[in-house]
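Right, one structure below, let's go through it.
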Amino acid sequence: MACLLFIIGFLSIFGQITLMRELNIALFGTELIYILSLGIWLVWTALGAAVPWRRSASPVDRIRNPFLFIGLALPLVVVFIRGYPLIFKTTPGLFLPFQYQLLLIGIALSPIGFLLGWLFQWTAKAFMSDKRTLAAAYAIECAGGVAGGLGSGLALKWGVQNFTLMLICSLTAVVTAILFTHSRGRKLYYPGVIVGSLLLVLLIQSESVDHWMTSWNHPGLVSSKDTPYTRISVVLRNQQIIVFSNGEFAYETEGTAAEEFVHHAALQHPAPSNILILGGGVQGTIREVLKHRPERVTSVEMDAACNQLIVPLLSQSDRQAMSQPNVDHIIADPRRFLHNSGEYDLIYIGMPEPTSGTTNRFYTEEFFDLCSESLDPGGILSLKLLSSENQWTQPLILRTASIYNALSAVFGDVLILPGAMNVILASNTTLIRDPEVLGSRLKKRGIKTRVISEPFLEYLYTNDRFVEIPKLLSANPGILNRDSKPVCYQYTQLLWLSQFFPSLKNLDFTKIISEKGRVGGPTLAIVLMIPISLLLIRCHNRLKRIFLALISSFVGMVIETMLLLVYQSQVGALYRDLGILLSLFMAGLAAGAWMIHRLERSWIRRINTPAAGWCLVTLFGTFGIVVALLIRQDGIFSLFHTSLLIFLDGYFVAAIFAYCGMSEAEDPGALVSPLYTSDLIGGCLGSLAASLLLIPVAGMAASTWGAALLAFCLLLLI
């Protein structure tokens, strides 16, 4: 049974990662999909852990059938996810209605999540029937999760594609079914061998099958590749290259976006000679920048696969521009590169939109401060944001204001050039607002473009929106996008949700807390209700154990989310190191549960059990305070420090979970389902609350303080 618990943990993390990646790509890469998918996965797993199975079934069938079904279902689920536009005949490139997105996620995750939840419940009960503890079962399952997280992370680093990873996960489940049914005879042995053989054939042909399925939604597909950051799909149609990132249109080579992005900033400078491009150089930015005849151009890209896939398909003139001797190509994280860079006349931020914690870090006050230090005294920063030509909704206003205010906090002058794509310029010198000066520079440099011309510059700098937008943004001076309080990320999510729920267009979560930081009436009432509710719950022995596990899991997930986002803002390598960090969290879970298992029958019985609970909860709350202080004071969050903190977070969560199932309970076996279910639901609620509400509204330090105080409230349940 210990081996089965390990495999269940491995399949849970490994399968979860592969399916969530597929869903994120199918629904166009919005980070909210990750959060919703994680929440729905935990709900299905919780339901599986809560639903009993008929006791008359033979033990072999209990093992064989679920594992065999998981192995068969995983590739079918991927086919369903990639083929849903064909199945439901949806319009290519358009978002599904939100309720249908939830339905798609729910259907895709239901069979695997439910069965893994039930398998843990049944296997843990069988494991405990041999006079073992729930803590030991939980520790072994978490150890399997460590292996799953490390395996998926390393495989992605080595270039293994997501579809191939999914087939490996399927084969693992089928092999498990075969091993546990071989002794029962060939009748039960054959189905597993047949399914395993089919999966092996698919694995051998995985590259061509993967390409074929991707082409369902991208006719004319030339190449596609999963990277640690995204899935890049390249389509070629009549010499036009179209690039998709995570299934969403990124750019195409025949457009004019690069002209607007480059020339507005370059014309502001009298003679740009040293230019830095942070992302998007292959989109035509390098080609347009070279028209100003600079001495040196440095192009920094995070993802090497982008250039590898796209550059060979570019036109001869674009390839020549990319290969000019005065153009340097560097693969690095832009934030880390800026720490040791020289001084530049122009810096172009061509990074993707701030739609996630990953990309938001390139639009914060701290990042702009790094850019300012890398500009010469007359240097100019340029970035672009998707916008609206006409009506601006409240989330769009607030999102733009958060970036505008962050720039204004660093630079002396900020200029917004309105359009379907806003070009924002910033400098520590006064920017030129006279279109005649800019037009004369354009003419003098002999630059030929399809869009930028003297009449166009005259229109752009004199239309009504040019004057109105700064006034509109100035009405929101208190909103500032920072690493520790990424409000831009929240407003981007609201913009996405408002496409499905128009009433959200006027919603502003930051009004929950006033400008002076005072807590509003409803929030204060909720805070006061927490200890009162816990005092009432403690009267019921089983219920207080369930809520102790639920709330500790909630607190642990909030702290884990804060640590991951802080690491991403400081180091910028979360996608590369996510597997390692999640594995260390699982390792902490395993260590915490195993510690309680070892101590339960030793010294912990010689003292009183409540004292042990008080000690665990007090240490957990103190740990939360330490993390909050580190975040507030901009402590160092290297891979080593973040790994240690995440390990300790998992350690305390699992120790409290195991404490809830200690042998002093009336029936430890009966607690398996409710405790495991509450643990999963608490993690689900913690993930959703941290990402969608706590971080944008209160910031990371304040949210961690709140989580620590909630941990101390658990003393009422001991």
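The values are calculated or read from the model by the stated rules, or taken from the named source; none is laboratory data. Please read all numbers here as calculations on a predicted model, not as lab measurements. Positions of Cβ are generated from backbone atoms using ideal geometry, with glycine treated the same way; all protein chains shown enter the neighbour counts. Protein only, heavy atoms only, side chains kept; ligands, DNA and RNA dropped before computing areas. Shrake-Rupley method; radii C 1.70, N 1.55, O 1.52, S 1.80 Å.
Write out the chymotrypsin sites (Phe, Trp or Tyr not before Pro) in the range 206-278 meeting two conditions: DSSP loop, and at most 16 other Cβ atoms within 10 Å of their Cβ.
Details: sites: Trp212, Trp216, Tyr229, Phe244, Phe249, Tyr251, Phe261; in loops: Trp216, Tyr229.
In loop regions of the range 206-278 (DSSP not H, G, I, E or B), the sparsely surrounded chymotrypsin sites (Phe, Trp or Tyr not before Pro) are Trp216.
Kirkwood hydrodynamic radius, the range 265-348, all distinct C-alpha pairs: what's the number in Å? Numbers along the way, then the final one.
On the way: mean 1/r = 0.0765 Å⁻¹.
Hydrodynamic radius (Kirkwood, Cα only) of the range 265-348 equals 13.1 Å.
Assuming R0 = 22 Å, what is the FRET efficiency of Leu619 and Ala2, from their Cβ-Cβ distance, to the nearest 0.05?
Working: r = 28 Å, r/R0 = 1.29.
Computed FRET efficiency for Leu619 and Ala2 comes out at 0.20.
Separation between the Asn428 and Asp464 pseudo-spin-labels, each 7 Å from Cα along Cα→Cβ, expressed in nm?
Going from the Asn428 label point to the Asp464 one covers 3.9 nm.
I need the phi-derived Karplus couplings for the range 685-692: 6.51 cos²θ - 1.76 cosθ + 1.60, θ = phi - 60°, integer Hz, Gly and Pro marked x.
Residue by residue, the range 685-692 yields 5, x, 5, 5, 5, 5, 6, 9 Hz.
With charges set only on the Cβ (+1 for Lys and Arg, -1 for Asp and Glu), what does the dipole of the chain come to about its Cα centre, in debye to the nearest 20?
Working: 52 positive and 48 negative charges, 458 e Å.
With only Lys, Arg, Asp and Glu charged at Cβ, the dipole is about 2200 debye.
Which Cα, out of Ala587, Leu314, Ala26, lies furthest along the positive dipole direction of the chain (beta carbon charges, K/R +1, D/E -1)?
Working it through, the farthest residue towards the positive pole turns out to be Ala587.
For the chain, what does the helix formula give at 222 nm: sum of -39500 (n - 2.57) over DSSP H segments with n ≥ 4, over the residue count, nearest 500 deg cm²/dmol? Don't jump to the answer; show the numbers that get you there.
Working: 29 runs with 442 residues, N = 718.
Here the helix-only value at 222 nm equals -20000 deg cm²/dmol.
Hey, with R₀ at 30 Å, roughly what FRET efficiency would Leu629 and Ala409 work out to, going by the Cβ-Cβ distance, to 0.05?
On the way: r = 24 Å, r/R0 = 0.81.
So, using R0 = 30 Å, E works out to roughly 0.80.
Kindly rank 540-549, 8-17, 69-78 from highest to lowest mean number of other beta carbons found within 10 Å of each residue.
Details: 540-549: 18.9, 8-17: 25.5, 69-78: 21.0.
Peptide ranking by packing, descending: 8-17, 69-78, 540-549.
Considering only DSSP beta bridges with both partners in the chain, what is the antiparallel share in %, to the nearest 5? Working shown, then result.
On the way: 28 of 47 bridges.
Around 60 percent of the beta bridges assigned by DSSP in the chain are antiparallel ones.
Calculate what fraction, in whole %, of the accessible area of the chain sits on carbon and sulfur atoms when a 1.4 Å probe is rolled over the protein chains. Don't skip to the end; give the middle numbers.
Values: 18510 of 29500 Å².
On the chain, the fraction of accessible area on carbon and sulfur atoms equals 63 percent.
What Kirkwood radius, in Å to one decimal, follows from the Cα pairs of the chain?
Values: mean 1/r = 0.0365 Å⁻¹.
Averaging 1/r across every pair of different Cα atoms and inverting gives 27.4 Å.
In whole percent, what relative contact order does the range 282-333 give with Cα contacts below 8 Å and a gap of six or more residues?
On the way: 46 pairs, mean separation 28.9, N = 52.
RCO, the range 282-333: 56 percent.
Which part of the range 370-388 falls in the paramagnetic zone of Val437, meaning amide N under 19 Å from the point 7 Å along Cα-to-beta-carbon?
From the range 370-388, the list is 376-382.
Arrange the residues Ser245, Ser170 by how much accessible surface each exposes, largest first, with a 1.4 angstrom probe.
Working: Ser245 45, Ser170 0 Å².
In descending accessible area the options line up as Ser245, Ser170.
Answer with one residue from Leu564, Gln16, Tyr229: the one whose Cα lies farthest towards the positive end of the charge dipole of the chain, charges on Cβ with Lys, Arg +1 and Asp, Glu -1.
Gln16
With a 1.4 Å probe and every protein chain left in place, work out the accessible area per residue of the chain in Å², rounded to a whole number. Before the final figure, lay out each step's value.
Details: 29500 Å² over 718 residues.
Here the per-residue accessible area is 41 Å².
At most 15 other Cβ atoms within 10 Å plus a DSSP loop assignment makes a site exposed; report the longest stretch of the chain without any exposed GluC sites (Glu not before Pro).
Details: sites that count: Glu254, Glu295, Glu343, Glu389, Glu515, Glu664, Glu666.
Longest gap between qualifying sites, sites excluded: 1-253.
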